[in-house]
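The values are calculated or read from the model by the stated rules, or taken from the named source; none is laboratory data. Quick caveat: nothing in here was measured; it's all calculated off a predicted structure. In this analysis, Cβ positions are derived from the backbone assuming ideal geometry, glycine residues included, and neighbour counts consider all displayed protein chains. Note: accessible area is taken over every heavy atom of the protein model, side chains too, but ligands, DNA and RNA are not part of it. Shrake-Rupley method; radii C 1.70, N 1.55, O 1.52, S 1.80 Å.
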There are 2 protein chains.
Amino acid sequence: MTLDAFFNPSSIAVVGASDDPDNLAGIIFQGLKAGGFEKPVYPVNPRHATVGGVPCYPSVLDLPAKPELSVIATPAPTVPAVLREHAAAGIRHAIIVSAGFSESGEEGARLEEDVRAIARENWMRVIGPNCLGVFSPSTGIDTLFVPRDRIQRAGRGSVSVVSQSGAFMSCLIDLAAYEGIGIARAVNFGNRVDVSEIDLIDHLADDPETGVIALYLESVEEGGRFVEAASRASRKKPVIAFKAGKRGAAVAAARSHTGAIVGRYETCRAAFRKAGVIEVGTFDEFVDAAKAFAWSEPAGGRRVLVVTNGGGFGVAAADALLDRGLTLPPLPEEQEKRFKAAFPPFYTVANPFDLTGSTCDEDYGRVIGPLLSSGAYDAALVIALTGVKRVTEKMADVLALARAEGGKPVVAVSVGGAFTQYAKRFWESRRVPVYPSPERGAQVLAALAARGGIVARPARPLPSVSPFDGEEEARAVVRDVREAGRSAMLEDEAKDFVHVLGFSAPDHFVAGDVDEAVRAANTLAYPVALKVLSPDIPHKTDVGGVRTGLRTSEDVRRAYDEMMDAVARQAPDARIHGVLVEQMADPGLELIVGGIRDPQFGPVVMFGMGGVFAEVLRDVAFRLAPLAKEEALEMIREIRGAELLKGFRGSPPIDADAVAGTICRLGGLLTVFEDVAEVEFNPLLAYPEGPPTVADVRVALK
Amino acid sequence: MTLDAFFNPSSIAVVGASDDPDNLAGIIFQGLKAGGFEKPVYPVNPRHATVGGVPCYPSVLDLPAKPELSVIATPAPTVPAVLREHAAAGIRHAIIVSAGFSESGEEGARLEEDVRAIARENWMRVIGPNCLGVFSPSTGIDTLFVPRDRIQRAGRGSVSVVSQSGAFMSCLIDLAAYEGIGIARAVNFGNRVDVSEIDLIDHLADDPETGVIALYLESVEEGGRFVEAASRASRKKPVIAFKAGKRGAAVAAARSHTGAIVGRYETCRAAFRKAGVIEVGTFDEFVDAAKAFAWSEPAGGRRVLVVTNGGGFGVAAADALLDRGLTLPPLPEEQEKRFKAAFPPFYTVANPFDLTGSTCDEDYGRVIGPLLSSGAYDAALVIALTGVKRVTEKMADVLALARAEGGKPVVAVSVGGAFTQYAKRFWESRRVPVYPSPERGAQVLAALAARGGIVARPARPLPSVSPFDGEEEARAVVRDVREAGRSAMLEDEAKDFVHVLGFSAPDHFVAGDVDEAVRAANTLAYPVALKVLSPDIPHKTDVGGVRTGLRTSEDVRRAYDEMMDAVARQAPDARIHGVLVEQMADPGLELIVGGIRDPQFGPVVMFGMGGVFAEVLRDVAFRLAPLAKEEALEMIREIRGAELLKGFRGSPPIDADAVAGTICRLGGLLTVFEDVAEVEFNPLLAYPEGPPTVADVRVALK
């Protein structure tokens, strides 16, 4: 664990420290003392003999012993020289908090490049510059130069935070202190000249103090490594992420519908999903989920028991749970009977279970533990309103015991002011997370269930992308297109390309004249279609360059002539490469499957229903490629139009497995053929049985 | 204002009071004293001579003076007799807090009927039974029998709460006390034997102390009156609503797709929309919006300025605002230039405006007031993180002044723990609402903008539903169907029905044999369609009972024979009324427009794109009928598929005005023909110009 020195160093130098109360390094120096770091801390500053009453050293070269970690807070222009001294002194770990680097313009960017080069040459690990650095209460590390009376420091705990924003991190630490949520490590990595979110995720995955990893990200720079590190981490502990900046530009210049639809954010979400990272949508959710994961096991499923002493809030909780895809199964009959006999008639013995305002702590215990043990539920949402006198501090023990008895997560909701806040402290002292509204409780249960799903899913080694059988032939197609000086394949080329790779595409020939066209049609099975082939005609239909449903050689002959006339009229200057004569595919359900290549995350695959569904309604799903069959099946289930695949108005259901196979193969295509920038099957025609047919395909090369 | 006596009575009797600390009436008696009610309060209880040290009276008939209001908390079985005594004593207003009525079974329901009858016979107004009653701090009324150490009482203010749930109301009052939100009136109306949410809305609309009406509803009993009262109230002050129990059963037994899609909740939302009620989705939103409306003007539009001292939160706020349909226009050029000259280069002079951690209170003032005055923005979202030393309590004045200077709403966000909570009190003392996360701030701005839209919209008197020209003929169709003993119209009847009412439907004849069919077809313009007419064949296509695209009389002859053969084979016992011979409608964009009749809210109209869009994707909009043209146009804009009406892939845009006209007329149809339970045009074919054609129609009678 090469980053250990940042969190648990044997000694620290603080470079730039002085006794000036506004001096950043001085604040950090004092902060390390205040935070309880008891190992040696050396102030370094050529202009002072002492700092905080201890000897101050002119340079790290003058220190009595080599510090394991150095915190540098000198003005940006001095940092490269300072860092070279560190290298000379053999110091391997530095946090550069100073601002004035790439975030501030060209001059700063040059300085940052210097810093990067020095670090690299000297095998140094550097966090920053332009960052708050590291907070680790168990080891007393605190490089936050934010005032303690404003940003309180949270106590030790198991939540580790990796934040691209310093303000986000400091607010979170302050709020965690206020809410009693313990922190293991918190790192703001700033301009990530060296140590990135990826390195930190990798480190925290193996950090025994870290129980949950909470990420605040604005951008990810190395998508592949991110997915790898986050996947490994998420197999060990929950990883949650808040992504700011959702409205980025589209990923690719749009040469396909897929390119126009896939945005940076969609790609990032696909990466989260692939890596088992649970995305949260709001700051409240971020804090709520971090607390829940710190204190609670994941839920093994989506079946929730709701117990309440306020009917209205029980109803609202049920609404919120159902909205989030959770379920509220009825009570097991046997227990329902028992509870009806045991409780007053005005209790509602059902799910939600309404104990009414006449209840007491003990009632909750009688209900929750036994019902969670019954096997009918995966978790409980307990609404305990404290307006009821006999709901007391003791609820803490009741809920903790019920959780232990049931062996399932228990999430509490209590709504109200002063007494509720007071009671919450008690309940949370037993690590039962309490939330201030039914919706936030429901949202947390959804996260716990999502985590359960991630834990349960089989390890998904990236599917090995075995060479396609027709790979050599396909590469020849690519070569020919390149040699013709084009980046977009003509339709015959694209069809050949996917055909030799084993996708199902209609048989076709290229004809140079009308007689060839008729001969080709006779060789194929009628009906056939004719399509003009020209690098100058991207949209054939617009110039009358497509004829479909031709049933006889006479039809073909007439259509050929009409089509060529129309094209000659409407695109007189187009170079004509011939005419594609193609057997018409059997009618099927129209789908769209496409893929683009993201500069950070690599190949991204999109799936949706054909036509307006994808283009207008954006009813599409994304995954990073290569992808496993199960992921492709998830994509199919995920879209709203999925109902149509199950059979609609009496039509038989579509062979989803075959569709998933095509999605995976398209992902494989993008993975193997790095030359391909975009590929799109639109429409892909799917059938009740057998592989779907690529009715139309676009392939764009880089 | 007949309900005044509930909120500001000149004297009160508390019936059932004793000195037992668990006695509800006793708690209420003490609570009135503790709450500052200084006018006479008489305890009534035949079993006690004094209560709380003052004389107690055996019955309301024995009181020294007639109380204006009585609070009854005696056991349910005694209540009818008690209430009769009230009638005899001439007491006109009673709050019955006692439980044990319709909520507890048949016996209770009978007691409740007695109570209702007594109240009605004696012109009494009754709140309850089974309720917490009324809380009105400015007049000292507090009938809540919940302990003050658990449920703190909020101070006076302008938020009035009407709640169907007692627990919801008491938690809210407690939270309001904690958060410093003032309450005008709060009423929990329980089993609403007399005074309902509608009466209360009506009263509060005219209550000068009430600035905002906040509703918690589980059900609405009289939809029409609700819409009327809420519409009147929302023209005077903001009305917000939280609806619990969203997953109710569908409204109608599904005889049409519309019937299957429209649920109780959708109807309720349509009612809110019609009435200018702003729906909130979560408890947090409910409290957040109530505070904002109490302290802030509505926003005149959706253009938001974001000012922050933490970049990450600024980005997150922008995401959240854009998600909610708000916009972030760039700074006016002139001002951008000025700010760039005035501020340090590392401030981001843009929208979001990032003042960074180097900022101070004054910077906010320099930015917000002038930019809000510029006319470029309708509101400001101000993120002021208190980790920055020079962001202080004074921000309260800065923000209040900026708001005054700009004349626009200012909503603040501050994220953090102890100091943030402390600072928030200061800021909120100037009635600048502060929220704990960027998303909650954004949500509040969306509500303020929604309110602005409601304020700005012209008064919409319900469109007068003038008699349809063909009303008499249409009634004759209904009569014929009734006389035939059917409730579903055959297709020819339904087509006749809508045709005589002025909807555009294809010309058609009913033919009794093949020769008549051919004659009919020759009279119409080819192509034509044939459809079998039988009360026993609801789904004609399934039995081969539809033939389309017939172009010659030969086609018609052959199709007729084939069709009748098919029907005879597949539905041998069906009574055949003949064959509909119909001119085929020109191809157009397929829409669905339907309507059902809700038992509470009356006619509800649904609009969506045809086919799978409505049925599978549920991409539909709802409104109550009758509806104004502008509402129909809103419905069209509201669905995700609206893009398709704007022209898609080169097709010309659809005549949305004509579609809106058809939607309104369908609403009118349901309003005028109270016999019609469901009507559905599916598909309705829409064109670039002119009225859409009703290609298929179902009409079901009650």
For chain A, what ratio Rg/Rh do Cα atoms give with a Kirkwood hydrodynamic radius?
1.08
The helix B:79-89 Cα axis meets the longest alpha-carbon principal axis of chain B at an angle in degrees, between 0 and 90 and rounded to 10, of 70
In order through segment B:369-377: 3J(HN,Hα) via Karplus (6.51 cos²θ - 1.76 cosθ + 1.60), integer Hz, x for Gly, Pro
x, x, 6, 5, 6, 6, x, 7, 9
How much of the DSSP bridge set in chain A is antiparallel, in percent, rounded to the nearest 5?
50
Loop-resident sites, segment B:21-121, for GluC sites (Glu not before Pro), counting at most 14 other Cβ within 10 Å (DSSP):
B:Glu38
Share of carbon and sulfur in the accessible heavy-atom surface of segment A:297-456 [1.4 Å probe, %]
57
Candidate lysines for bridging to B:Lys33, where Cα separation is under 27 Å - those fewer than 8 sequence places away on the same chain excluded
A:Lys389, B:Lys66
Can you tally the net charge around A:Phe601? Count Lys and Arg as +1, Asp and Glu as -1, for every other residue whose Cβ sits under 11 Å from the Cβ of A:Phe601.
+2
With Cα atoms, 0 to 90° folded angle of helix A:471-483 axis to chain A main axis:
80
Per residue, how large is the accessible surface of the protein assembly as shown? Use a 1.4 angstrom probe and give square angstrom.
38
Which GluC sites (Glu not before Pro) in segment A:640-693 pass both tests, a DSSP loop state and at most 14 other beta-carbon atoms within 10 Å?
A:Glu674, A:Glu689
Percent of Cα-Cα pairs more than 21 Å apart in segment B:537-635, please.
57
Kindly express, to the nearest 10 degrees and within the range 0 to 90, the angle between helix B:311-323's C-alpha long axis and the longest C-alpha principal axis of chain B.
40
Sequence of A:Asp515, A:Asp619 from largest to smallest accessible area, 1.4 Å probe
A:Asp515, A:Asp619
Would you mind checking A:Lys39/B:Lys424; B:Lys531/B:Lys702; A:Lys424/B:Lys291 for any pair whose Cα atoms are more than 28 angstrom apart?
A:Lys39/B:Lys424
Where the Cα atoms of segment B:589-701 are projected onto their three principal axes, how long is each span, largest first, in whole Å?
43, 27, 23
Accessible area (Å², 1.4 Å probe, nearest 10) - B:Lys39:
80
Relative to the isolated chain, which residues of segment B:404-418 have their accessible area cut by 10 Å² or more in the presence of all protein chains (1.4 Å probe, heavy atoms, no ligands or nucleic acids)?
B:Val415, B:Gly416, B:Gly417, B:Ala418
Can you pull a Stokes-Einstein diffusion coefficient for segment A:162-238 at 4 °C (1.567 mPa s), Rh from Kirkwood over Cα pairs, as a whole number of µm²/s?
100
Enumerate the aspartates and glutamates that B:Lys408 could reach by cross-link, defined here as Cα to Cα under 17 Å, with residues fewer than 8 away along the same chain left out.
B:Glu297, B:Asp378, B:Asp397, B:Glu428
Within segment B:4-210, what whole-number % of the accessible surface is contributed by carbon and sulfur, with the 1.4 Å probe and all protein chains included in the calculation?
50
Assigned charges on the beta-carbon of Lys, Arg, Asp, Glu; chain A dipole about Cα centre (debye)
2260
Could you state, as a whole-number percent, how many of the C-alpha pairs of segment B:34-99 are farther apart than 21 Å?
20
What share of the DSSP beta bridges in the protein assembly as shown is antiparallel, in percent to the nearest 5?
50
How many partner chain Cβ atoms sit within 10 Å of a residue's Cβ in peptide A:429-439, on average, as a whole number?
2
Sorted largest first, extent of the protein assembly as shown alpha carbons per principal axis (Å):
101, 101, 67
Let me check against my output: what whole-number percent is the relative contact order of segment B:589-701, with C-alpha pairs under 8 Å and at least 6 apart?
31
Please tell me the relative contact order of segment A:4-210 in percent, rounded to the nearest whole number, where contacts are Cα pairs under 8 Å and at least six residues apart.
18
For chain B, what does the relative contact order come out to in percent, with C-alpha contacts under 8 Å and a separation of six or more?
8
Three semi-axes of the equivalent ellipsoid, segment A:4-210, Cα gyration tensor, whole Å, largest first:
24, 20, 16
Cα pair count fraction exceeding 29 Å, expressed as % - segment A:297-456:
8
Area hidden from solvent between A and B (accessible, protein heavy atoms only, 1.4 Å, total, Å²):
5100
Helix-only [θ] at 222 nm, the protein assembly as shown, -39500 (n - 2.57) per DSSP H run of 4+, per residue, nearest 500, equals -12000 deg cm²/dmol
What translational diffusion coefficient, to the nearest whole µm²/s, does segment A:520-570 have by Stokes-Einstein, given a Kirkwood radius computed over alpha-carbon pairs, a temperature of 37 °C and 0.692 mPa s viscosity?
294
Average partner chain C-beta neighbours within 10 Å, per residue of A:322-330?
1
Please give me the summed charge of the neighbours of A:Lys39: other residues whose Cβ is under 12 Å from its Cβ, Lys and Arg +1, Asp and Glu -1.
-1
In order through segment A:604-621: 3J(HN,Hα) via Karplus (6.51 cos²θ - 1.76 cosθ + 1.60), integer Hz, x for Gly, Pro
10, 10, 10, 9, x, 6, x, x, 5, 4, 6, 6, 9, 8, 6, 8, 9, 10
For segment B:484-610, which whole-number percentage of the solvent-accessible area (1.4 Å probe, protein heavy atoms only) is attributable to carbon and sulfur atoms?
46
Net charge contributed by nearby residues that have their C-beta within less than 9 Å of B:Lys394 (K/R +1, D/E -1):
-4
What average number of partner chain Cβ atoms lie no more than 10 Å from the Cβ of the residues making up B:313-319?
6
Where does each of A:His539, B:His86 land when they are ordered by accessible area, with a 1.4 Å probe and the largest first?
A:His539, B:His86
Any chance you could list the semi-axes, whole Å, largest first, of the equivalent ellipsoid that the Cα gyration tensor gives for segment A:471-583, using √(5λ)?
23, 19, 10
If the only charges are +1 at each Lys and Arg Cβ and -1 at each Asp and Glu Cβ, what is the size of the charge dipole of segment B:314-440 around the Cα centre, to the nearest 20 debye?
340
At a cut-off of 10 Å², which residues of segment A:362-392 become less accessible once all protein chains are present than in their chain alone, using a 1.4 Å probe?
A:Leu385, A:Thr386, A:Gly387, A:Lys389
List the residues of segment B:268-288 that lose 20 Å² or more of accessible area once all protein chains are present, compared with their chain alone (1.4 Å probe, heavy atoms only, no ligands or nucleic acids).
B:Thr282, B:Phe283, B:Asp284
